[in-house]
Amino acid sequence: MKLYRSILIFIFIIFSITFAKVKVVVSYPWIGYLVNEIGKDKVDVFILGKGTEDPHFIVPKPSYIAKLRNADLLIIQGASLEIGFIPALISQANNPKIQPGNNGFLDLSKTVDLIEKPEKVSRAMGDVHPDGNPHYNLDPNNIPILANAIEMKLSQVDNSNSSFYKSNLQIFLSKWNEKLKYWNEEFGKLRGSKVIEYHKKYDYLFTRYGIEIVETIEPLPGIPPTAKYIQEIISNSKSLNVKYVIVDVYNDKKAAQYVAQSIGAKFVVLPQDIGALPNVNDLFQLFDTILNLLTK
Amino acid sequence: MRKQKITLKIILINFICFLLFVMFLSFAEENIQEKFKDRNLSIRQKYDDNLKSYGVFNQSAFLPNISVITDFSFNNYNINENSNLFTPGFYNQNPLNTKGFNLNYSELNINASVDPYFDLYFVSSFNENNVEIEEAYAVTRSLSGFQLKIGKFRSSFGRINSQHEHVWDFATPPMIYELFLTDEMLNEKGIQINYLFPSNIYILSGIELLQGDNEMSFGNSSISINTRLDGTGQDILIKSPTKPNLFVGFVKTSFDVGNLSVLTGFSFATGQSRFDKIQDQNFAFSGKTKLYNFELTAKYFIDSYRYISFQTEYIQRSRKGNSYEYDNLGDLVTNQYDSNQSGFYSQIVYRFNKQWRIGLQYNKITNNSVKINGLNQSLPVNLDANYLMLDFNPTEFSRIRIQYGNKDYLFENTNKKRINEFILQFNFAIGSHGAHPF
């Protein structure tokens, strides 16, 4: 009996130790990175998606439901990017804290200005996002806004450590803003360059730095290209002096490589999140790698 | 004197007229001012939307998520589907879809949050003959660890039971579901309480208390049978069971090993049965039925778009009670009925690129033991079915599937008839985005 009791107490202690940290579940690695930078050892982060996966098609595995069951905070990228899996997960998580509208839920897309918001939507336009382009995390100038929003939410959920989060935020921001000057200068040198991208993924980056997107390999968002469409792209962009044909790590590379060859552009695979390529382990390395690949 | 009086009169009248005139003028001027002001306002009211009061009570902001999913198919068989096909020991009827073109269903899904405490899900199935409420239930959002589901819903018994048809990997339901529960499966009115353990591993447990409307294995009406086939005897009433009649319990767990995700579990369902097919099939049953289910799903994700998945379910059904039939002389006979029937299906589906999938499903009955008054009826056990499917998904919202199958579990009189089945199936979804299936 005594053994039983001590085992039970031991189990409770283990549980309470893990309860001491704020359990945060996030949809993508870049969000997880920011939460870890601001929360450090006071947060326990679980990331649903991997950098090597297409963010639109994360599968709602039952094991994710268990992670959400215990979460204190759920942070999503929003703008319908997670519409295929997050609603199914939170409706089965039996956790009132993380339901949209409650304190433990944060939709980061509401904290930044979204571009390319369509006036009217129809699925005949492909897989469009009615709120605008959801990939706002790929403009390094947006990161401070997002980091601020995350700190505010962490402080709200875990008030006792608010000053800790605020000071970590300041440390991160000073590092980031320093790097931002460098990136703004270097990316700025690409102003006027023309690119073709597979999916409308890097629009925030390109819009910020005046890089012109002349075509997408996808005829419509989420629709794979046909051979005929590939020929159209080639004939339309042959004379435009396109510098790069850009794909994500999970896209089919053949079509894009063929286009690049045919129009004399450089084929490049860009990382769209932490973990997409080796040596992309944090947000600094993410933008450094993108810069390197676009200035070779 | 008279002249003075007249002049005075004239002056007075004039003066009064003058006064009146002045009054009238000032009044008129005021009126004109008013009218002028009014006209300004009225012009503004006519063209300024802010002052209009249309749509004050418009509540379109609260429109729920609405989607419609429609399923069409072209079906062909090597026989005329009107022949009387059945499976010994199971009393299924009309196992084949109509030959040619079918509008299988148009499913209307509506869901939204009711308030901070509940979400409501509504699924109505429209086909050419009727409208059915497939599901209409509310779930709690504010309980920690627990969830209450109340209404009419697809039971969480087994793996495929709770999934809507458009999520199935094949155009037909597995044979064991068809035989034990019909393709409507366990779709009942009642309440479910589930508890998700606070562990790092997904462990879901739950119980359901349900009405027990599924007549294939349960049923909750009373049965009235005449002791004579020609109706000249007395009516025997077999009372309906106490309702709610069906109890379901389940426990499921899931874990990941790298890119492999596994979901497995046990379920069981127990309740009284009232099955009255005495007119059509000369068989009625009243007694107790227990269903046991083991499920296993293993999905290996090769990359963002490709996976290989294996899924299997094993169901065992045991029934004990009385069966009724008319003998050759048209007299009702009551027997002691004791059955133990079981079977499984296993399927492999390979999604080899973003838009294409291929799948193979094997169905088999493993036990078909029916004892009437202690005597084993030696019913056939070599009952199986195979299906091969290939589907093309242009986007997440549309699907074209071709499926070829061999059904070796259907009998015409005493002969097993091998059915070759060809299905070309189309499925389209509009409106709000559905959840990606696991």
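The values are calculated or read from the model by the stated rules, or taken from the named source; none is laboratory data. It should be emphasised that the depicted structure is a prediction, and the values quoted were computed from it without experimental measurement. As a convention, Cβ positions derive from the backbone with ideal geometry for all residues, glycine included, and neighbour counts pool all protein chains shown.
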task = Scan (1) closer than 26 Å to A:LYS117 by Cα; (2) at pLDDT 95 or above; (3) in contact with an Asp or Glu (Cβ under 9 Å, 6 or more places away or on another chain) for the single condition A:LEU190 breaks and write down its number.
result = (3)
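Can you say whether A:GLY126 is in contact with a strand residue (DSSP E or B) (Cβ under 7 Å, 6 or more places away or on another chain) and either in contact (Cβ under 8 Å) with a residue 40 or more places away in the chain or in the same structural domain as A:PHE206 (by TED's automatic domain parsing) (or both), as far as the supplied structure shows? Break it down into steps so the answer makes sense when it comes.
On the way: in contact with a strand residue (DSSP E or B) (Cβ under 7 Å, 6 or more places away or on another chain): yes; either in contact (Cβ under 8 Å) with a residue 40 or more places away in the chain or in the same structural domain as A:PHE206 (by TED's automatic domain parsing) (or both): yes.
So A:GLY126 passes the test.
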key: Residue count for region A:192-202, restricted to those that are in a strand (DSSP E or B), surrounded by 20 or more Cβ atoms within 10 Å (Cβ to Cβ) and in contact with a Leu (Cβ under 6 Å, 6 or more places away or on another chain)   = 0
task = Quick one: count up the residues across region B:210-232 that are within 16 Å of B:LYS288 (Cα to Cα) and part of a strand (DSSP E or B).
result = 2
note = Filtering strands (runs of 3 or more DSSP E) wholly in region A:203-296 for at least 1 residues that are over 27 Å from B:LYS354 (Cα atoms) and either of a type in the set (Asp, Glu) or at pLDDT below 95 (or both) gives A:212-216
ask   = In region A:104-130, which residues are crowded, with 17+ Cβ neighbours inside 10 Å and touching a helix residue (DSSP H, G or I) at 6+ places or on another chain (Cβ under 8 Å)?
value = A:GLY104, A:PHE105, A:LEU106, A:LEU108, A:SER109, A:THR111, A:VAL112, A:LEU114, A:ASP127
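For (1) in contact with a Phe, Trp or Tyr (Cβ under 8 Å, 6 or more places away or on another chain); (2) of a type in the set (Phe, Trp, Tyr), each residue gets a yes or a no:
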{"position": "A:VAL43", "(1), (2)": "no, no"}
{"position": "A:PHE46", "(1), (2)": "no, yes"}
{"position": "A:GLN77", "(1), (2)": "yes, no"}
{"position": "A:ILE83", "(1), (2)": "no, no"}
{"position": "A:GLY101", "(1), (2)": "no, no"}
ask   = Quick one: how many residues across region B:400-425 are without any contact (Cβ under 8 Å) to a residue 60 or more places away in the chain and either crowded, with 21+ Cβ neighbours inside 10 Å or within 28 Å of the chain's Cα centre (by Cα) (or both)?
value = 4
request  = Select from region B:233-251 the residues that are surrounded by fewer than 21 Cβ atoms within 10 Å (Cβ to Cβ) and in a strand (DSSP E or B) and write down the one among them that is farthest from the other protein chains (Cβ to nearest Cβ).
outcome  = B:ASP235
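Where residues in region B:252-282 are part of a strand (DSSP E or B) and β-branched (Val, Ile, Thr), which of them is farthest from the other protein chains (Cβ to nearest Cβ)?
Initial filter on region B:252-282 (part of a strand (DSSP E or B)): B:252-257, B:260-277.
From what's left, β-branched (Val, Ile, Thr): B:253, B:257, B:262, B:264, B:270.
Numbers: B:THR253: 8, B:VAL257: 10, B:VAL262: 9, B:THR264: 10, B:THR270: 25 Å.
Ranking the qualifying residues of region B:252-282, first place goes to B:THR270.
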remark   = Checking B:GLY287, B:GLY359 in turn, the sole residue that is over 30 Å from B:ILE207 (Cβ atoms) and not hydroxyl-bearing (Ser, Thr, Tyr) turns out to be B:GLY359
message = Among the residues in region B:159-170, are any of a type in the set (Lys, Arg) and either assigned to a strand (DSSP E or B) or in contact with a helix residue (DSSP H, G or I) (Cβ under 6 Å, 6 or more places away or on another chain) (or both)?
response = no
key: Failed condition for B:VAL139, given (1) in contact with a strand residue (DSSP E or B) (Cβ under 6 Å, 6 or more places away or on another chain); (2) crowded, with 18+ Cβ neighbours inside 10 Å; (3) touching a residue at least 40 places away in the same chain (Cβ under 8 Å)   = (3)
query = Out of all the residues in region B:94-134, which are buried (at least 17 other Cβ atoms within 10 Å of the Cβ), away from chain A (no Cβ under 14 Å) and not hydroxyl-bearing (Ser, Thr, Tyr)?
reply = B:PRO95, B:LEU96, B:ASN97, B:ASN102, B:ASN104, B:GLU107, B:LEU108, B:ILE110, B:PHE122, B:VAL123, B:GLU134
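Quick one: would you say B:GLY219 is away from every other protein chain (no Cβ under 14 Å), without any contact (Cβ under 8 Å) to a residue 60 or more places away in the chain and buried (at least 21 other Cβ atoms within 10 Å of the Cβ)? It would help to see each step written out before you state the result.
Details: away from every other protein chain (no Cβ under 14 Å): yes; without any contact (Cβ under 8 Å) to a residue 60 or more places away in the chain: yes; buried (at least 21 other Cβ atoms within 10 Å of the Cβ): yes.
Criteria met by B:GLY219.
To keep it simple, each residue is scored yes or no on (1) within 12 Å of chain B (Cβ to nearest Cβ); (2) of a type in the set (A, V, I, L, M, F, W, C).
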site: A:ASN94; (1), (2): yes, no
site: A:LEU106; (1), (2): no, yes
site: A:ASP113; (1), (2): no, no
site: A:GLY126; (1), (2): yes, no
site: A:LEU138; (1), (2): no, yes
site: A:ILE145; (1), (2): no, yes
site: A:ASN148; (1), (2): no, no
site: A:GLU151; (1), (2): no, no
site: A:LEU154; (1), (2): no, yes
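Within region B:364-385, is even one residue within 14 Å of chain A (Cβ to nearest Cβ) and either under 21 Å from B:GLY219 (Cα atoms) or of a type in the set (Lys, Arg) (or both)?
Taking region B:364-385 first, the residues within 14 Å of chain A (Cβ to nearest Cβ) are none.
No: zero hits.
Restricting to region A:64-100, and then to whatever is in contact (Cβ under 8 Å) with a residue 12 or more places away in the chain and β-branched (Val, Ile, Thr), can you tell me which residue is nearest to A:SER155 (Cα to Cα)? Give the steps one after another, and end with the answer.
To start, the set of residues in region A:64-100 that are in contact (Cβ under 8 Å) with a residue 12 or more places away in the chain comprises A:64-65, A:67-82, A:84-86, A:88-90, A:92-95, A:97-98.
Now drop any that are not β-branched (Val, Ile, Thr), which leaves A:65, A:75-76, A:86, A:90, A:98.
Working: A:ILE65: 25, A:ILE75: 14, A:ILE76: 17, A:ILE86: 24, A:ILE90: 23, A:ILE98: 16 Å.
Result: A:ILE75.
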query = Of the residues that sit in region B:169-201 and are touching a Phe, Trp or Tyr at 6+ places or on another chain (Cβ under 7 Å) and of a type in the set (Ser, Thr, Tyr), which one is nearest to the other protein chains (Cβ to nearest Cβ)?
reply = B:TYR195
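Checking the conditions here, which among A:ILE76, A:ILE65, A:ILE90, A:ILE98 is more than 14 Å from chain B (Cβ to nearest Cβ), closer than 27 Å to B:VAL262 by Cβ and surrounded by 19 or more Cβ atoms within 10 Å (Cβ to Cβ)?
Values: A:ILE65 fails: more than 14 Å from chain B (Cβ to nearest Cβ); A:ILE90 fails: more than 14 Å from chain B (Cβ to nearest Cβ); A:ILE98 fails: more than 14 Å from chain B (Cβ to nearest Cβ).
None of the other options fit; the residue is A:ILE76.
For residues in region A:85-127 being polar (S, T, N, Q) and assigned to a loop (DSSP other than H, G, I, E, B), which is nearest to the chain's Cα centre (by Cα)?
Step one: filter region A:85-127 for residues polar (S, T, N, Q), giving A:91-92, A:94-95, A:99, A:102-103, A:109, A:111, A:122.
With the extra rule that they be assigned to a loop (DSSP other than H, G, I, E, B), the set shrinks to A:94-95, A:99, A:102-103, A:111, A:122.
Numbers: A:ASN94: 26, A:ASN95: 24, A:GLN99: 21, A:ASN102: 23, A:ASN103: 22, A:THR111: 14, A:SER122: 25 Å.
If we take residues in region A:85-127 being polar (S, T, N, Q) and assigned to a loop (DSSP other than H, G, I, E, B), then A:THR111 is nearest to the chain's Cα centre (by Cα).
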task = Tell me which residues, restricted to region B:304-333, are within 14 Å of another protein chain (Cβ to nearest Cβ) and of a type outside the set (Gly, Ala, Ser).
result = B:TYR305, B:ARG306, B:TYR307, B:ILE308, B:GLN311
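When you check B:ALA298 against the structure, is it in contact (Cβ under 8 Å) with a residue 60 or more places away in the chain and among the small types (Gly, Ala, Ser), yes or no?
Values: in contact (Cβ under 8 Å) with a residue 60 or more places away in the chain: no; among the small types (Gly, Ala, Ser): yes.
For B:ALA298, the condition - in contact (Cβ under 8 Å) with a residue 60 or more places away in the chain and among the small types (Gly, Ala, Ser) - is not met.
Picking from B:ILE400, B:ILE358, B:ILE365, which residue would you name as being hydrophobic (A, V, I, L, M, F, W, C) and under 26 Å from B:THR289 (Cβ atoms)?
Details: B:ILE400 fails: under 26 Å from B:THR289 (Cβ atoms); B:ILE358 fails: under 26 Å from B:THR289 (Cβ atoms).
Of the residues listed, the single one that is hydrophobic (A, V, I, L, M, F, W, C) and under 26 Å from B:THR289 (Cβ atoms) is B:ILE365.
Here are some residues: A:GLU37, A:GLU82. Which one is at pLDDT 95 or above, in a helix (DSSP H, G or I), surrounded by 17 or more Cβ atoms within 10 Å (Cβ to Cβ) and out of contact with any Leu (no Cβ under 7 Å at 6 or more places or on another chain)? Reasoning before the result, please.
Details: A:GLU82 fails: in a helix (DSSP H, G or I).
Selected residue: A:GLU37, the only one of A:GLU37, A:GLU82 that is at pLDDT 95 or above, in a helix (DSSP H, G or I), surrounded by 17 or more Cβ atoms within 10 Å (Cβ to Cβ) and out of contact with any Leu (no Cβ under 7 Å at 6 or more places or on another chain).
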query = In the list A:ASN133, A:ASN148, A:ASN184, which residue meets the criterion of being modelled with pLDDT of 95 or more and in a loop (DSSP other than H, G, I, E, B)?
reply = A:ASN133
